[in-house]
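Peer 1: This structure is in structure tokens; I'll ask about it shortly.
The values are calculated or read from the model by the stated rules, or taken from the named source; none is laboratory data. Since the structure is predicted, the reported quantities are computational estimates derived from the model, not experimental observations. Methodologically, a virtual Cβ is constructed for each residue, glycine included, from the backbone with ideal geometry; neighbour enumeration extends over all protein chains shown. To get the accessible areas, we keep the full protein, side chains included, count just its heavy atoms, and leave off ligands, DNA and RNA. Shrake-Rupley method; radii C 1.70, N 1.55, O 1.52, S 1.80 Å.
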Amino acid sequence: MIDYIKRNMENAFLHASAEYPALLLTGPRQTGKTTMLTRLMETESFAGNRRNRTYVSLDDYDALTLALGDPVLFFQTYKPPLLIDEVQYAPGLFAGIKRFIDKGAKPGDFWMTGSQLFRLMKGVQESLAGRLALFHMSPLSQQEIFPCYKPGAFKPDYDLLLARQKKTAPLTASAIYGRIFQGSMPALISGKFTDRERYYSGYVQTYLERDIRDIAPGIDFLKFTDFIRAAAARAAQLVNYKHIADDADMNQETAKSWLRLLEALGIIFFIRPYHHNTLKRMIKTPKLFFYDTGLAVFLTRWNSGETLMNGAMNSAFLENYVAAEILKGYENSGKDPALYFYRDRDSKEIDLLMEGDGMLLPLEIKKTSSPAKGMIASFAALEKPPLRRGPGALICLTERLSAFNRENIIVPVGLL
């Protein structure tokens with residue numbers, strides 16, 4: 001069993017801790033938030049001197065009772081520098097943290113974790129706007145699971161990717177689908193738990209049910225399980241509330257509300273369509289993705305990476321995996337990605353669009369090991385003034401980096 005998997009977010013978090021008095025790390029349960037921060041507590045230094053940071057968890061009944069009943073006494077009992085775990089249970093603490101900051105709190109005085117972004121943000125926005133650095137921790141990225149080159153956010157840069165390729169072995173299609181199937185939860189990757197099926201079953205029944213009931217008391221969790229399975233069956237597809245609602249035997253408003261709950265808990269994310277006045281006849285519906293493909297595969301009942309690779313959802317799960325890996329790379333670098341997709345009403349589509357430096361960088365994702373230039377024909381939709389098209393990429397199951405030309409490269413999934 002692996003004792004600790006180094007997180008690529010560590011440096012960005014510590015850098016922010018040297019500048020901001022308060023930091024909030026959100027993300028779903030079991031992704032390693034507390035593990036990373038308690039590890040950093042052991043090694044952190046401030047101005048060359050070791051800090052004696054206090055850890056307090058609001059999962060502890062006595063600490064939670066004090067935080068809810070007397071926030072002033074809470075901060076007299078637990079003095080900064082502090083790590084407050086599961087801070088969402090006592091949003092009233094944010095006002096106390098604001099008072100400390102206004103009186104001159106030091107950078108890094110308050111580290112916080114929370115697994116329920118839905119309940120956190122109101123208190124954060126009201127009390128700590130402009131005073132807090134916000135991070136989101138997803139399940140592990142493939143860069144963290146298989147560290148072999150300098151970590152960093154993906155971009156379609158041939159030289160950057162060539163440097164990565166020199167330090168990593170080629171991956172077969174079967175190996176990629178093995179990664180998609182296995183998922184990226186730390187407890188599975190570390191070897192703490194070896195029965196994948198049992199782990200995901202327990203995750204849904206224990207952690208997810210607990211958080212859902214806390215956010216939405218009285219919810220029918222049996223129906224919610226049907227709902228999340230219906231959502232997983234539409235991974236990497238345009239959101240269709242009616243189809244999800246019909247499959248889970250509920251109304252569309254409930255389906256829409258429950259998708260917001262899953263997004264707030266960090267289970268799913270949406271990628272929105274790109275809009276520009278130059279591009280006419282654009283659709284407005286977002287696409288739905290799961291942060292952890294292993295959970296989505298479990299919910300849709302695939303039994304192995306091999307059956308998944310040859311099954312009806314193989315392209316959708318590959319697209320989900322690629323989108324999640326790109327998003328994780330940016331989150332772990334402390335950056336907010338400008339990530340979209342393109343689709344018009346004439347069915348012209350680009351799977352992902354990255355925006356930066358005034359340019360649009362198109363990315364197409366294909367389940368193929370024999371890329372052809374026709375697969376990126378949709379990139380031409382961006383060649384309309386005043387739009388500026390930057391370098392693009394076809395991300396696929398090829399084993400080696402190559403290119404169609406200077407502006408269009410061919411990227412193996414393993415180099416994300």
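Peer 1: Restricting the search to segment 257-315, which residues are more than 25 Å from Ser347 (Cα to Cα) and part of a loop (DSSP other than H, G, I, E, B)?
Peer 2: Leu265, Gly266, Ile267, Tyr291, Asp292, Thr300, Arg301, Trp302, Asn303, Ser304, Asn310
Peer 1: I need the full set of residues from segment 337-385 which are out of contact with any helix residue (DSSP H, G or I) (no Cβ under 7 Å at 6 or more places or on another chain), assigned to a loop (DSSP other than H, G, I, E, B) and open to solvent by 30 Å² or more (accessible area, probe 1.4 Å), in order please.
Peer 2: Ala338, Arg345, Asp346, Ser347, Asp357, Gly358, Ser370, Pro371, Ala372, Glu383, Lys384, Pro385
Peer 1: Moving on to the next point. Going by what's in this entry, would Thr35 be described as open to solvent by 50 Å² or more (accessible area, probe 1.4 Å), hydroxyl-bearing (Ser, Thr, Tyr) and modelled with pLDDT under 95?
Peer 2: Here the answer is no, as Thr35 does not meet what is asked.
Peer 1: Got a sec? Which of Gln116, Gln143 is more than 23 Å from Arg210 (Cβ to Cβ), within 19 Å of the chain's Cα centre (by Cα) and not hydroxyl-bearing (Ser, Thr, Tyr)?
Peer 2: Gln143
Peer 1: If you go through segment 398-416, how many residues are open to solvent by less than 30 Å² (accessible area, probe 1.4 Å), assigned to a loop (DSSP other than H, G, I, E, B) and touching a Leu at 6+ places or on another chain (Cβ under 8 Å)?
Peer 2: Of the residues in that region, 1 qualify.
Peer 1: Additional query: Are there any pairs with C-beta distances below 8 angstrom linking a residue in segment 16-31 that is crowded, with 21+ Cβ neighbours inside 10 Å to a residue that is basic (Lys, Arg) and outside any helix (DSSP H, G or I), with the two at least 6 apart or on different chains, and if so which?
Peer 2: Tyr20/Arg131; Pro21/Lys106; Pro21/Arg131; Ala22/Arg131
Peer 1: While we're on this one: Scan (1) assigned to a helix (DSSP H, G or I); (2) touching a Phe, Trp or Tyr at 6+ places or on another chain (Cβ under 7 Å); (3) within 29 Å of Phe290 (Cβ to Cβ); (4) not hydroxyl-bearing (Ser, Thr, Tyr) for the single condition Asn11 breaks and write down its number.
Peer 2: Exception for Asn11: condition (2).
Peer 1: Just give me the residues in segment 219-260 being closer than 21 Å to Leu117 by Cβ and open to solvent by 10 Å² or more (accessible area, probe 1.4 Å), in sequence order.
Peer 2: Ile219, Phe221, Val239, Thr254, Lys256, Ser257, Trp258, Arg260
Peer 1: If you don't mind, another one. Return the total of residues in segment 41-57 being surrounded by 15 or more Cβ atoms within 10 Å (Cβ to Cβ), modelled with pLDDT of 95 or more and not β-branched (Val, Ile, Thr).
Peer 2: Residues meeting the conditions: 1.
Peer 1: Now, a different point. Scan segment 154-165 residue by residue and report those that are open to solvent by less than 20 Å² (accessible area, probe 1.4 Å) and either closer than 21 Å to Leu352 by Cα or small (Gly, Ala, Ser) (or both).
Peer 2: Phe154, Pro156, Leu161
Peer 1: Checking the condition open to solvent by 50 Å² or more (accessible area, probe 1.4 Å) and at pLDDT 95 or above, which residue from Ser190, Ser174 passes?
Peer 2: Answer to the selection: Ser174.
Peer 1: Based on this model, can you work out whether Thr194 counts as assigned to a loop (DSSP other than H, G, I, E, B), on the phi < 0 side of the Ramachandran plot, of a type in the set (S, T, N, Q) and more than 19 Å from the chain's Cα centre (by Cα)?
Peer 2: In short, yes.
Peer 1: List every residue pair whose Cβ atoms lie under 8 Å apart, where the two residues are 6 or more positions apart in sequence or sit on different chains, the first residue falls within segment 144-163 and is farther than 18 Å from Leu401 by Cα and in contact (Cβ under 8 Å) with a residue 40 or more places away in the chain, and the second residue, located anywhere, is assigned to a loop (DSSP other than H, G, I, E, B) and open to solvent by 50 Å² or more (accessible area, probe 1.4 Å).
Peer 2: Here the result reads Glu144/Lys6; Glu144/Pro151; Pro147/Lys6, each pair linking segment 144-163 to a residue that is assigned to a loop (DSSP other than H, G, I, E, B) and open to solvent by 50 Å² or more (accessible area, probe 1.4 Å).
Peer 1: Checking the condition modelled with pLDDT under 95 and surrounded by 14 or more Cβ atoms within 10 Å (Cβ to Cβ), which residue from Leu318, Leu327, Leu295, Leu265 passes?
Peer 2: It is Leu265.
Peer 1: Just to be sure, is Ala312 within 21 Å of Leu339 (Cβ to Cβ) and either among the acidic types (Asp, Glu) or open to solvent by 10 Å² or more (accessible area, probe 1.4 Å) (or both)?
Peer 2: Here the answer is no, as Ala312 does not meet what is asked.
Peer 1: When segment 272-292 is examined, which residues are found to be modelled with pLDDT under 95 and touching a helix residue (DSSP H, G or I) at 6+ places or on another chain (Cβ under 8 Å)?
Peer 2: The one that is modelled with pLDDT under 95 and touching a helix residue (DSSP H, G or I) at 6+ places or on another chain (Cβ under 8 Å): Leu279.
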